[in-house]
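Read the structure below first, then the notes.
Derivation of every value follows stated rules applied to the coordinates shown; laboratory data play no part. Computed from a prediction, not measured in an experiment: that's the story for all the values here. Note: ideal-geometry Cβ built from the backbone for every residue, glycine included; neighbour counts use all protein chains shown.
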Amino acid sequence: TCPGCGVDLVAHQGKKVPWHFKHASGDLCNHAVESALHLRAKEILSVSNRVMLPPLSVSSKIEGDGDIEFRSRLDVVKPGYELFINETTCVEKTVNDIRPDLIVYRSGRPLLIEIAVTHFVSREKKQKIRKLGMSCIEIDLSSYKNQVIDDDALSNLIVTDIKHKKWIYLSLKH
């Protein structure tokens, strides 16, 4: 079944083209590439034991809430700060009334991770995340939805690269 539109798929196992699936109806699916990229990104992060965090800058703002007040103890979040995940990773687990793509833990502290291909974290969801008091980053893969990207490059982009990541919220509590 297609994860994008729910229609039945048929396996094609020819000799010229690599094995793949097609929609049984023959129709093209606008969501298939987006869904595949989104699913693969979650798989990569769910088995990774680390993720590079984006930097915080003094000019960062939370939409509609004004400037973020920074304190010296946040200086540990610098470009390329590597968070080692030493506990569980939860995929699509509901927290209150939101469902982040992933929740990773380090020393009992949760970090929500959102993967954006077409749909980015909405203002409403940002507010809910703030109320939860849980840190959250978003990884922007929108520029790759119409491109072919090999698995190693995608893994590097998701785990190591920081230029496609941004903070949605940083909690000092969790």
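So how much slack lies between residue 19 and residue 99, counting 0.36 nm per residue of separation and subtracting their Cα-Cα distance, in nm? Kindly include the intermediate steps, with their values, before the conclusion.
Numbers: separation 80, 0.36 × 80 = 28.80 nm, distance 3.30 nm.
Going from the current span to full extension adds 25.5 nm.
With r as the distance between the Cβ atoms of residue 49 and residue 5 and R0 = 25 Å, compute the FRET efficiency 1/(1 + (r/R0)^6) and round to 0.05. Mind dumping the intermediate values first?
Values: r = 34 Å, r/R0 = 1.35.
With a Förster radius of 25 Å, E is 0.15.
Once both labels are modelled 7 Å past Cα along the beta-carbon direction, what's the residue 122-residue 151 spacing in nm?
Rounded to a tenth, the inter-label distance reads 3.5 nm.
Kindly rank 144-154, 118-128 from highest to lowest mean number of other beta carbons found within 10 Å of each residue.
Working: 144-154: 11.6, 118-128: 14.5.
Those peptides, ordered most packed to least, come out 118-128, 144-154.
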